[in-house]
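Comments concern the structure below.
The values are calculated or read from the model by the stated rules, or taken from the named source; none is laboratory data. Note that the coordinates shown come from a computational prediction; the quantities given were computed from them, not determined experimentally. Neighbour counts run over all protein chains shown; Cβ positions are idealised from the backbone, glycine included.
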Amino acid sequence: MTRNASCHCGALVLRCAGEPAKVSLCHCDDCQRRTGSLFSVCAFFPRTAITVEGRDAKVFRRASASGSDVAFHFCPDCGTTLWWEPDRMPHLIGVAVGGFADPDFPMPAQAVWDEHRHRWLELPEAISVHERNPVRKPPSG
Ligand SMILES: [Zn+2]
Ligand SMILES: [Zn+2]
């Protein structure tokens, strides 16, 4: 199976082959600001499963809430962030699930940074909840 994700204007398209390795939801402040919504939903695909077509994306790089850098790729015309490359998992590419606009897309298995969740928002019980991000290393000392 191949699914296509595209930006708001359609100039940037990602072809994603096979099933995502993982689907994850994030409530962190950065994801709220990036999306303008209350959380982001990300499908991680193996790097080899992804083909980029169309417009050259621009890149915004920042540290993530989990501590390592992430490079966000967005459309220079409409500004949609369509995929990101986490330094922590160089073999995977995160794709914005909203880009598929597919109500049958697999639901997230986990939600991270629950401590930033908007209090009125309740998720299905099948999603495992983490107060922070389970990969975060405890501060030393
Ligand atoms: Zn666009
Ligand atoms: Zn986040």
>> Could you check region 14-52 and list, in sequence order, the residues that are on the phi > 0 side of the Ramachandran plot and either within 9 Å of ligand 2 (Cβ to nearest atom) or out of contact with any strand residue (DSSP E or B) (no Cβ under 9 Å at 6 or more places or on another chain) (or both)?
In response: GLY36
> Among the residues of region 7-46, which ones are within 16 Å of ligand 1 (Cβ to nearest atom) and either surrounded by 21 or more Cβ atoms within 10 Å (Cβ to Cβ) or part of a loop (DSSP other than H, G, I, E, B) (or both)?
Replying inline: CYS7, HIS8, CYS9, GLY10, ALA11, LEU12, LEU14, GLY36
>> Against the conditions (1) among the acidic types (Asp, Glu); (2) more than 14 Å from the chain's Cα centre (by Cα); (3) within 26 Å of ARG119 (Cα to Cα), where does ASP30 fall short? Just the number, please.
In response: (2)
> Taking into account only those residues within region 47-68 that are modelled with pLDDT of 95 or more and more than 15 Å from ligand 1 (Cβ to nearest atom), which is nearest to MET1 (Cα to Cα)?
Replying inline: ALA49
> What are the residue pairs meeting all of these: first residue in region 109-132, first residue among the hydroxyl-bearing types (Ser, Thr, Tyr), second residue part of a loop (DSSP other than H, G, I, E, B) and surrounded by 11 or more Cβ atoms within 10 Å (Cβ to Cβ), Cβ atoms under 8 Å, and 6 or more apart or on different chains?
Replying inline: SER128/ALA109
>> Need the failing condition index for ASN4 against (1) exposed (fewer than 13 other Cβ atoms within 10 Å of the Cβ); (2) away from ligand 2 (no atom under 16 Å from the Cβ), just the number.
In response: (1)
> Got a sec? Which strands (runs of 3 or more DSSP E) wholly within region 74-138 have at least 2 residues that are among the small types (Gly, Ala, Ser) and surrounded by 12 or more Cβ atoms within 10 Å (Cβ to Cβ)?
Replying inline: 92-96
